[in-house]
Amino acid sequence: MMRMEPVELDGHTALAIEVKLPKTNLLAVTTDKGYIMCGALDVGLLNERLRERGIIAARATGVRTIEELLEAPLESVTYGAESLGVVPGMKGRDAVARMF
């Protein structure tokens, strides 16, 4: 099952996506510029093999809901996200606010 819903942050609207899979859920909150995602995101791959794309993304681990993803400290971020001031340890919601 897949669920999508708008998330209001700082006067902007992001899109929350939840995909229920066997034994896990994939969680993401996205804007037109970038996204944050659960532990399934491979930041190393984005930074190394796809670096030329300048993908703006960040990863939080140990989250099970969209609200947890927004409140969790980020574990890792792409170089593209760093260029917007997104850093590890920042809350997911603060990172998304920089991605508008």
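Quick notes on this one:
- The chain - charge dipole about Cα centre, Lys and Arg +1 at Cβ, Asp and Glu -1, debye rounded to 20: 280 debye
- Solvent-accessible area per residue for the chain (1.4 angstrom probe, square angstrom): 57 Å²
- Label-point separation, residue 20 to residue 67 (7 Å along Cα→Cβ), nm: 1.7 nm
- Net charge of neighbours whose Cβ lies under 14 Å from the Cβ of residue 91, counting Lys and Arg as +1 and Asp and Glu as -1: -3
- With every protein chain in place, segment 24-100: carbon and sulfur % of accessible area (1.4 Å): 48 percent
- The chain: relative contact order in percent, alpha carbon pairs under 8 Å with at least 6 residues between: 24 percent
- Selected from 48, 71, 18 as most flexible by GNM, with the chain as the system and alpha-carbon contacts under 10 Å: 48
The values are calculated or read from the model by the stated rules, or taken from the named source; none is laboratory data. If you're wondering where the values come from, they're calculated on a predicted model, not measured in any experiment. Note that each Cβ is placed from the backbone with ideal geometry, even for glycine, and that neighbours are counted across all protein chains shown. Heavy atoms of the whole protein, side chains included, go into the accessibility calculation; ligands, DNA and RNA do not. Shrake-Rupley method; radii C 1.70, N 1.55, O 1.52, S 1.80 Å.
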